[in-house]
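Can you keep this structure in mind? I'll have questions shortly.
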Amino acid sequence: MIRTFIALELKDKETLEKIQSFGNQLKSNQSNLKLVEPQNLHMTVKFLGSIEESLAPKIYHILKEEINDKLFQSKTYEFKLKGTGQFRKYSVLWIKLGGNIQFLQTIKDNVEALLNQKLKIEKDKRTKFTPHLTIGRLKPNKINYKNFESFKKLINEHKNYEFGQFKISNVKLKKSDLTPKGPIYSVLEF
């Protein structure tokens, strides 16, 4: 069994640097904040979880032929990362993606339908794609409440901040190896 997900990778160097700088500001305020490593920043299209290793090549070929070749057609789509937010009482911090969200919804819908039809992989309960880039996690029991108001203010001050471009030209099948120091992601290709 391998732990896998389908993702859109963030590779733009300037954008990564701005996100890292903002993350460091947040971390200096809340030392227990777990930032996502720059090389791990991605937007999840579908989390597959633990799958049989023998399924990985089949998933890869479906993504390559049906999504990357037919939907993307060797084109690169540009999006902007702009604005910050949080889920679950600041336990997940994220940056919002702006642009042709309907195209990303089409990708998600096609991934869900193809994997379900061809491999009987269960569809997600949430059908609406909410494009966001998770940049950090803060466990509620690890919050430093002395600095929490200034932490929330920092996030609020970046609600309209432009972090940069997010160029997308394909989806990737990724493997996640969980370690005590955090996950290690690798691209699966066959």
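Any chance segment 105-123 includes a residue that's modelled with pLDDT under 95, closer than 28 Å to residue 18 by Cβ and not in a strand (DSSP E or B)?
no
How about segment 51-81: which of its residues are more than 18 Å from residue 187 (Cβ to Cβ) and in a strand (DSSP E or B)?
77, 78, 79, 80, 81, listed by residue number.
Test residue 46 against the stated conditions and say whether it is within 14 Å of the chain's Cα centre (by Cα), over 30 Å from residue 146 (Cα atoms) and surrounded by 16 or more Cβ atoms within 10 Å (Cβ to Cβ). So that I can check it myself, show each step before the final result.
Details: within 14 Å of the chain's Cα centre (by Cα): yes; over 30 Å from residue 146 (Cα atoms): yes; surrounded by 16 or more Cβ atoms within 10 Å (Cβ to Cβ): yes.
The answer is yes for residue 46.
Sticking with this structure for a sec: Using the structure shown, decide if residue 176 is free of Cβ contacts under 8 Å to residues at least 60 places away in the same chain, under 30 Å from residue 65 (Cα atoms) and either outside any strand (DSSP E or B) or under 16 Å from the mean Cα position of the chain (by Cα) (or both).
Values: free of Cβ contacts under 8 Å to residues at least 60 places away in the same chain: no; under 30 Å from residue 65 (Cα atoms): yes; either outside any strand (DSSP E or B) or under 16 Å from the mean Cα position of the chain (by Cα) (or both): yes.
So residue 176 fails the test.
Quick one: in segment 136-169, which of the residues that are assigned to a strand (DSSP E or B) and in contact with a Ser or Thr (Cβ under 8 Å, 6 or more places away or on another chain) is farthest from residue 25 (Cα to Cα)?
168
Let me ask something else. Find the residue count for segment 64-79, including only residues that are under 14 Å from residue 104 (Cα atoms) and either touching a helix residue (DSSP H, G or I) at 6+ places or on another chain (Cβ under 8 Å) or surrounded by 16 or more Cβ atoms within 10 Å (Cβ to Cβ) (or both).
6
Also, I was wondering about something else. Look at segment 52-85 and say how many of its residues are touching a residue at least 60 places away in the same chain (Cβ under 8 Å) and not basic (Lys, Arg).
Number of matching residues: 19.
Out of all the residues in segment 144-170, which are free of Cβ contacts under 8 Å to residues at least 24 places away in the same chain and either within 16 Å of the chain's Cα centre (by Cα) or under 27 Å from residue 6 (Cα atoms) (or both)?
If the condition is that a residue be free of Cβ contacts under 8 Å to residues at least 24 places away in the same chain and either within 16 Å of the chain's Cα centre (by Cα) or under 27 Å from residue 6 (Cα atoms) (or both), then no residue fits.
Taking segment 141-190 as the search range and keeping residues that are surrounded by 12 or more Cβ atoms within 10 Å (Cβ to Cβ) and of a type in the set (Val, Ile, Thr), which one is farthest from residue 10 (Cα to Cα)?
143
Could you please let me know if residue 121 is closer than 25 Å to residue 83 by Cβ and buried (at least 17 other Cβ atoms within 10 Å of the Cβ)?
Values: closer than 25 Å to residue 83 by Cβ: no; buried (at least 17 other Cβ atoms within 10 Å of the Cβ): yes.
So residue 121 does not fit the description; no.
Among the candidates 124, 69, 109, which residue alone is of a type in the set (Asp, Glu), farther than 30 Å from residue 141 by Cα and within 18 Å of the chain's Cα centre (by Cα)?
Sole residue among the options that is of a type in the set (Asp, Glu), farther than 30 Å from residue 141 by Cα and within 18 Å of the chain's Cα centre (by Cα): 109.
Right, next: Can you pull out the residues in segment 13-35 that are over 18 Å from residue 83 (Cα atoms), outside any helix (DSSP H, G or I) and not charged (D, E, K, R)?
30, 31, 32, 33
Let me ask something else about it. Between 19, 2, which is farther than 30 Å from residue 118 by Cα, among the aliphatic types (A, V, I, L, M) and either out of contact with any Ser or Thr (no Cβ under 8 Å at 6 or more places or on another chain) or at pLDDT 95 or above (or both)?
19
Report yes if some residue within segment 123-143 is more than 27 Å from residue 51 (Cα to Cα) and aromatic (Phe, Trp, Tyr); otherwise report no.
Here is the first cut: in segment 123-143, the ones more than 27 Å from residue 51 (Cα to Cα) are 138-143.
The next check asks that each one be aromatic (Phe, Trp, Tyr); those that pass are none.
Looking for residues that are more than 27 Å from residue 51 (Cα to Cα) and aromatic (Phe, Trp, Tyr), one finds none in segment 123-143, hence no.
The values are calculated or read from the model by the stated rules, or taken from the named source; none is laboratory data. Since we're looking at a predicted model, the values are computed, not measured. Every residue, glycine as well, gets a Cβ built from its backbone with ideal geometry; the counts of neighbours run over all protein chains shown.
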